[in-house]
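J.: One structure, pasted below without further comment.
Nothing in this text is a laboratory measurement; each read-out follows from the coordinates by a stated rule. Keep in mind that this is a model prediction, so the values were computed, not measured. Counting neighbours? That spans all protein chains shown, and the Cβs are built from the backbone with ideal geometry, glycine included.
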Amino acid sequence: MIDAEDLERRFHSLSWKLHPDNFVRASENERQLSLDRSSQLNDAYRTLVDPVARVEYLLGVAGMRKEGTKKQQTPPELLEEVFELNESLDELRDARASGGSAAPTAGLRAKLETAQHKFEASLAGLDQELARVSAEWDRALGSGADDAAQIKLMERMNEVLNRRSYIRNLVTGVRQELVIRDR
Amino acid sequence: MPKTVGIDLGTTYSLIAYHDAREGRPKCIPGPYGSPLCPSVVSVDKDGSIIVGQAAQRRLLTQPERTIYSVKRLMGRGPSDVQDELKIFPFRIDPASKNVIRVRLGDRIFTPPEISAFILRELKSWGENYFQDSVERAVITVPAYFNDAQRQATRDAGRLAGLEVLRLVNEPTAAALAYGLHEQKRGKVAVYDFGGGTFDISILKLISTTEGDIYQVLSTNGDTHLGGDDIDNALFTLAREEIRTQGVDLAAHPETVQELRKALIAAKHELSSADRATVKFVLPDGGAQHNSIYFREIGRAEYERWIRPIVDRTMAPVRQALADAKLAPAEIEEVVLVGGSTRVPLVRRTVEEFFGRRPHAELNPDEVVALGAAVQADILEGGVKDMLLLDVTPLSLGIETMGGVVAKIIPRNSTVPASAQELFTTGVDNQTGIDLHVLQGERELAKDCRSLARFQLKVPPGPAGLARIEVRFLIDASGILQVAARDLRTGEEHSIEVQPSYGLDDAEVERILEESIEFAEQDFSERQLIEARNEADTVLRATEKALTREQAEAPDELPEEERRAAEDAVAALREAVAGSDYKRIRALVDVLNQASLPLAERMMNRALATVLEGKKLGDV
């Protein structure tokens, strides 16, 4: 967990110092340094400001980021929805292959939209889960919990990230299909 | 003291502005006709001299095969990209064009950066004339949605025009700077920039910190081929069809196309304030019905029906930009309209309805981008110290991996400067090079993204998987990509040979610069010659007149040596004028001026004397 306002304040403060705008008339070395440092600053801010990226980074640094297999990733409570979604997508592909319109029919569209909403709800749930585990992690650090406890928390975070990644791919896939309209 | 300027290099109009320190605000510099708007039109005369601006605009009608407009549409693109454009724009692409477009104007051939450089040089001369000092450094604006190749082409144009381009600034951001300075507002701002050829939407956050004001771009989106030109083309297509029903096929009369276009554009402008407009166009040799005029009254409602699809197209990027900024339309506190096409009432209504608030257009939509560029120029020169611009890259940067899939390494809307590191190694034993293909875009597959460049990393021979080459991709504050490679095992910096996919590489820019300096000398000399001859003309006529009068009025007062000196000088000057050495002409103009000075003084005294004579002694 991070105080977003404080983070932004620090980001802005460092930007004033490092930004290439201040070094236009400086020597080549200073210009290049400014470019390097400010890009590092921007990258760091981008990583820290997004809760998911932050956790990814944390796990990466600790060597705990492991992507799971597909089987592990599919949340059991969503198995049915995923199955139905795959059916709908197959239908859509068949329609296209047989020379039908590229856009989904009204019926298919409704099914896809339902799937999209369900998965987006799952994503929201996972984000909350991630926030909860992150808070626990902060507490564990603060109270000087042992390595085993920390590792367990990081494993849990890793799991959440994997599920999240899987579901997000599903949502993106569905969105792409829905966006296709006949011209 | 050379001045640093801000330049808006627009599709339809270009402008140059500077920050007036005394008045504490940016100002546009007027051109020879008094207007700060320079039409982005370039024409090549039969003798090879280049004409830019209003004078070139007239030649669109009289010599269309030597004249080009909207060259911005060709910047940073390859010949195959612009095939669609050719259906509606009369660009004459040379068949020899490979990865850089070459355009034919008369019997000369130019690349789009060269043509843009002519426009920049014209603006540069406006600035130099205004300041009576040289203009060497500039901030040039680009559409926020311009990709790397388009940005590089713009920077190349600056170089070719003899300008040091300090920064490329995104047009909506520049407008926000001008607007922010003017309005002193804070909060979330949407800039809707609908110009002649491009559309941009940027979402910004304006924040006050202890150090000053920060203009932070949250997201940007757009369409680099959507603008007022599309409205013109829609009207043109409709008109052409109606004219066809009158029995005339305009395809057979290409020379009349520009006339019709001009009439339609006038009607379009009229329809921004009036309910109806009339188009009158003389048909080339009457058709079956021998109607010699195409006369069409266009009503506002009908016009809006025609252009609605074009205006609607602007809303998809708006929605995407808001989604990327994680904001709802209602959360935007200020909406700013930029670009001439935002004068269209339908555009204003659509934007107002979408955001639920009336958009700002107090600043002249044609000038605001140039003014903002001038502000940024001042910031860079250290004039203004309490404003900071944090802009973003509009497109994701990626590398092509196996299977033709793109791996994104810098996501879109990342604050610039932005960087990413990737580690590469060899796949087979003794492999000596690793090929990289860098792209921009949001799609999964490389073939659907925009190819930026291909590199080859040189690798020392060794077993597969041993090499460790770290490549650093850096997008600078102008949104342009820099690449550096380092061999992690040796610590050596590796050189990278970049093959730009759609642009001029450094060697070509150098070559064009060298050639253009020759041409520039020529163009420059020609202009000097014309000016020198004009000066000579003036002084010759004045001297002749003076000599004649002197002979008539006071022949005794003209000493023989003086008369002879003057006549000799006149003869020498006439001879020089017949030649082409402008320096010699100038020198002899000076000689004649000197020789005829006593003559002029005497004439002056006599004139005064006559005046004084007429007065009573008491009045003097």
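J.: So which chymotrypsin sites (Phe, Trp or Tyr not before Pro) in segment B:8-69 pass both tests, a DSSP loop state and at most 11 other Cβ atoms within 10 Å of the Cβ?
T.: Counting only loop positions with at most 11 other Cβ atoms within 10 Å, the chymotrypsin sites (Phe, Trp or Tyr not before Pro) in segment B:8-69 are B:Tyr33.
J.: Summarise the partner chain shielding of B:470-477 as one whole number: the mean count of Cβ atoms from other chains within 10 Å of each residue's Cβ.
T.: 3
J.: As a check on your grasp of the helix formula, calculate [θ] at 222 nm for the protein assembly as shown: sum -39500 (n - 2.57) over DSSP H runs of n ≥ 4, divide by the residue count, round to the nearest 500.
T.: Value at 222 nm, helices only, nearest 500: -16000 deg cm²/dmol.
J.: Something else: Order these by the 10 Å Cβ neighbour count, fewest first: B:Lys583, B:Lys87.
T.: B:Lys87, B:Lys583
J.: Run down the aspartates and glutamates and flag those whose C-alpha is under 12 Å from the C-alpha of B:Lys408, throwing out any fewer than 8 positions away in its chain.
T.: Within the straight-line cut-off, B:Lys408 pairs with B:Glu400, B:Glu422, B:Glu442, B:Glu444.
J.: With +1 on the Cβ of every Lys and Arg and -1 on the Cβ of every Asp and Glu, and nothing else charged, how large is the dipole of segment A:76-182 about its Cα centre, in debye rounded to the nearest 20?
T.: Dipole magnitude for segment A:76-182 comes out near 320 debye.
J.: Under a straight-distance cross-link criterion of Cα-Cα below 16 Å, which lysines are reachable from B:Lys326, leaving out those fewer than 8 residues away in the same chain?
T.: B:Lys188, B:Lys205
J.: Let me check I've understood the local charge: for B:Leu226, count other residues with C-beta under 10 angstrom from its C-beta, Lys and Arg +1, Asp and Glu -1. What total comes out?
T.: In short, -3.
J.: Only bridges whose two residues both fall in the protein assembly as shown count here: according to DSSP, what percent of them are antiparallel, nearest 5?
T.: If I count the DSSP bridges inside the protein assembly as shown, around 80 percent turn out antiparallel.
J.: Which of the lysines could be linked to B:Lys87 by a straight reach, that is with a Cα gap under 25 Å, when you skip same-chain ones fewer than 8 residues away?
T.: Partners within reach: B:Lys72, B:Lys98, B:Lys262, B:Lys268, B:Lys280, B:Lys447.
J.: Quick check on chain B: of the DSSP beta bridges with both residues there, what percent are antiparallel, nearest 5%?
T.: 80
J.: Which residues' amide hydrogens lie under 5 Å from the amide hydrogen of B:Leu466, considering only partners 5 or more residues apart or on another chain, with H built in the peptide plane?
T.: Under 5 Å from the amide H of B:Leu466: B:Thr426.
J.: Using a simple charge model, +1 on the beta-carbon of Lys and Arg, -1 on the beta-carbon of Asp and Glu, nothing else, what dipole does segment A:9-121 show about its Cα centre, in debye to the nearest 20?
T.: Dipole of segment A:9-121, to the nearest 20 debye: 620 debye.
J.: Moving to a separate point now. Hand me the GluC sites (Glu not before Pro) from segment B:285-387 located in a DSSP loop with no more than 15 other Cβ atoms within 10 Å, in residue order please.
T.: B:Glu333, B:Glu362
J.: Here is a further query. What do you get for the angle between helix B:597-614 and the principal long axis of chain B? Use alpha-carbon atoms, 0 to 90 degrees, nearest ten.
T.: Around 70 degrees separate the two axes.
J.: With axes computed from alpha carbons, what is the tilt in degrees of helix B:257-270 against the longest principal axis of chain B, rounded to the nearest 10 within 0 to 90?
T.: That helix lies at roughly 80 degrees to the long axis.
J.: Per residue of A:34-43, what is the mean number of Cβ atoms on other protein chains within 10 angstrom of that residue's Cβ?
T.: 6
J.: Mind pulling the angle between the C-alpha long axis of helix B:506-553 and the longest principal axis of chain B? Nearest 10 degrees, somewhere in 0 to 90.
T.: Relative to chain B, helix B:506-553 is tipped by roughly 20 degrees.
J.: For a Förster distance of 22 Å, can you work out the FRET efficiency between the beta-carbons of B:Asp435 and B:Ser80, rounded to the nearest 0.05?
T.: That pair, B:Asp435 with B:Ser80, gives E of 0.50.
J.: So for the protein assembly as shown, taking the charge dipole from beta-carbon charges (+1 Lys/Arg, -1 Asp/Glu), which of B:Asn129, B:Ser219, A:Met154 sits furthest toward the positive end?
T.: A:Met154
J.: ³J(HN,Hα) across segment B:357-365 via Karplus (A = 6.51, B = -1.76, C = 1.60, θ = phi - 60°), whole Hz, x for Gly/Pro?
T.: 8, 6, x, 8, 9, 5, 7, 4, x
J.: Please report the antiparallel percentage of the DSSP beta bridges confined to segment B:82-206, to the nearest 5.
T.: 65
J.: Relative to the Cα centre, what is the charge dipole magnitude of the protein assembly as shown, using +1 at the beta carbon of each Lys and Arg, -1 at the beta carbon of each Asp and Glu, and rounding to the nearest 20 debye?
T.: Here the size comes out at about 1440 debye.
J.: Right, next: Using the count of nearby Cβ atoms within 10 Å as a rough guide to exposure, how do B:Val282, B:Val539, A:Val174, B:Val375 rank from fewest to most?
T.: Final ranking by Cβ density, sparse to dense: B:Val282, B:Val539, A:Val174, B:Val375.
J.: From other protein chains only, count the Cβ atoms within 10 Å of every residue's Cβ in A:1-10, then give the mean.
T.: 1
J.: Along segment B:218-232, what does the Karplus equation 6.51 cos²θ - 1.76 cosθ + 1.60 (θ = phi - 60°) give for ³J(HN,Hα), rounded to whole Hz, x for Gly and Pro?
T.: Each residue of segment B:218-232 in turn: 8, 7, 8, 7, x, 8, 7, 10, 8, x, x, 4, 5, 5, 4 Hz.
J.: If you rank B:Ile101, B:Ile7 by fewest surrounding Cβ atoms within 10 Å, what's the result?
T.: Ascending Cβ contact count within 10 Å gives the list B:Ile101, B:Ile7.
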